[in-house]
Amino acid sequence: MKPEPLKFEEQLALFKKRGMKISDTDVKKIENIGYYRLKEFAHPLSTIVKKDGVSNIDYNGATFKEVISRYYQDKNLRIYLLHAIEKIEVSVKTKLSYILGEQYGAFGYLDFSKWGNRQEFSKFAMQEREYRFKRNLKNSMRKTSLADARNKRNQDSDGFPTVWLAIHILMFGELVNVIEVLSKKNQRLLASEYNCSAIEFVSWMKTLHFIRNVCAHNSNIIDIQIKTEAVYKPEWNKFLFVFENKGGGNKPTNRLAVVLLILRHFIDVINPKYNWWDVKQSIWRLAANKDRKAQLLGFKDLKSLKDFNRLKC
């Protein structure tokens, strides 16, 4: 059977038919936000019920107001997380360009064999990454409005800028690519600036790159499941929900709580006086004073969320 177009009122009625509490005025929200967008935020509140071999959605009496609240809290939280990620990005770029500039000079960064991990990357792989980096850097140079980057005094004979300007104009993904190629020694130097190991640092930067893309493209962040494997600090276990692996053993969550702990670690080093109030308020409202909803965010329970919110910056 082919899908048929439904009027906005019929879309609202479909939520009601599936067990959601609604009011007639809720139709205005569907008109401006969209059925499928709201259905996405209602999904964690639902269960799938099978009847006569057919799977049906049951919202179990959840209210439309609660779904709308989740939608707006997600929207606000994305803005707050982007602000924190930007602060980390600027700091890491500054530290990285300082390390490369101090050891290899203004233009030494252009030769990956000088500072890259030659044990892990073959000569061909290193040259391939260097070529892609230079190509992307040239593209960034054409787009940048930074006057210093365009100043010939700050460029080499091929028109590439000094390391301090080059790293500054990199996109976040390109920054992560450079960090991945760094020699173990240089990774340790950079990671030490943030009181973590090189393995932790690289994995956290990959996670933040993923989260930044999710936030920038207006995707659902509160129900996120991290696709990159973040390395967890042992002291984080007291905050995180743990579930059983199918193959046996326990595995910590891959949800939002992990992202918040990574951000908290970085920001506490960069600016201990950073104001977390908006983030705290958002996740507290999402938990709605219930263990199950705190667990949907990746926290062990409501108490662990409270403990996270009490962490001193």
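Working note: Cα gyration tensor of the range 192-313, eigenvalues times five, square-rooted, sorted largest first, giving semi-axes of 20, 19, 16 Å. Annotation: extensible slack from GLN225 through PHE243 equals 5.1 nm (criterion: 0.36 nm per residue apart, minus Cα-Cα distance). Taking the 0 to 90 degree range and rounding to the nearest ten, how far is the long axis of helix 256-270 tilted relative to the main principal axis of the chain, both from C-alpha atoms? Tilt relative to the chain: about 40 degrees.
On a per residue basis, the convex hull of the C-alpha atoms belonging to the range 257-305 measures out at 67 Å³. Note on the range 1-67 and the range 136-210: Cα centroid distance 45 Å, given to the nearest whole angstrom. Straight-distance candidates among the aspartates and glutamates for linking to LYS251, with alpha-carbon spacing under 12 Å and chain neighbours fewer than 8 residues away dropped: GLU229.
Farthest towards the positive end of the charge dipole of the range 1-135, among the residues THR63, TYR98, PHE8, is the Cα of TYR98, using unit charges on the Cβ of Lys, Arg, Asp and Glu. For ARG70, the solvent-accessible surface with a 1.4 Å probe is about 20 Å², rounded to the nearest 10. Within the straight-line cut-off of under 16 Å between alpha carbons, the lysines reachable from LYS28 are LYS7, LYS16, LYS39, LYS65, sequence neighbours fewer than 8 places apart in one chain being disregarded. From the largest down, the chain spans 69, 44, 41 angstrom on the principal axes of its Cα atoms. Here's the list of aspartates and glutamates a cross-link from LYS306 could span, going by alpha-carbon distance under 14 Å and ignoring same-chain residues fewer than 8 apart: ASP291. In order along the range 212-220, phi translates into HN-Hα couplings of 4, 5, 4, 5, 5, 9, 6, 8, 5 Hz, rounded to whole numbers, per the Karplus curve 6.51 cos²θ - 1.76 cosθ + 1.60 with θ = phi - 60° and x for Gly and Pro. With no solvent and one equal point scatterer per Cα, compute the Debye intensity ratio I(q)/I(0) for the range 37-125 at 0.10, 0.22 Å⁻¹ and report its log10, rounded to two decimals. Cα-only, vacuum Debye calculation for the range 37-125: -0.61, -1.08. The 3J(HN,Hα) values that the Karplus relation (6.51, -1.76, 1.60; θ = phi - 60°) gives for the range 136-153 are, in residue order, 5, 5, 4, 5, 5, 4, 5, 8, 5, 9, 6, 4, 4, 5, 8, 6, 4, 5 Hz. Gly and Pro appear as x. Applied to the range 290-307, the Karplus parametrisation 6.51 cos²θ - 1.76 cosθ + 1.60 on θ = phi - 60° returns per-residue 3J(HN,Hα) values of 10, 4, 4, 6, 5, 5, 4, 8, x, 7, 4, 6, 4, 5, 5, 5, 4, 5 Hz, with x for Gly and Pro. In this structure the amide hydrogen of ASN56, modeled in the peptide plane, comes within under 5 Å of the amide hydrogens of VAL49, LYS50, LYS51, none closer than 5 places in sequence on its chain. For the chain, the longest principal axis of the C-alpha atoms and the axis of helix 64-104 are separated by about 10°.
Report the residues of the range 60-96 in range of a label on ILE48: point 7 Å along Cα→C-beta, backbone N strictly under 18 Å from it. Counting only backbone N, you get 60. Here ASN136 and GLN103 are evaluated by their C-beta separation; at R0 = 25 Å the FRET efficiency comes out at 0.65.
The values are calculated or read from the model by the stated rules, or taken from the named source; none is laboratory data. Please read all numbers here as calculations on a predicted model, not as lab measurements. Cβ sites come from the backbone with ideal geometry, for glycine too, and all protein chains shown count toward neighbours. Surface areas here come from the heavy atoms of the whole protein model, side chains and all, with no ligands, DNA or RNA. Shrake-Rupley method; radii C 1.70, N 1.55, O 1.52, S 1.80 Å.
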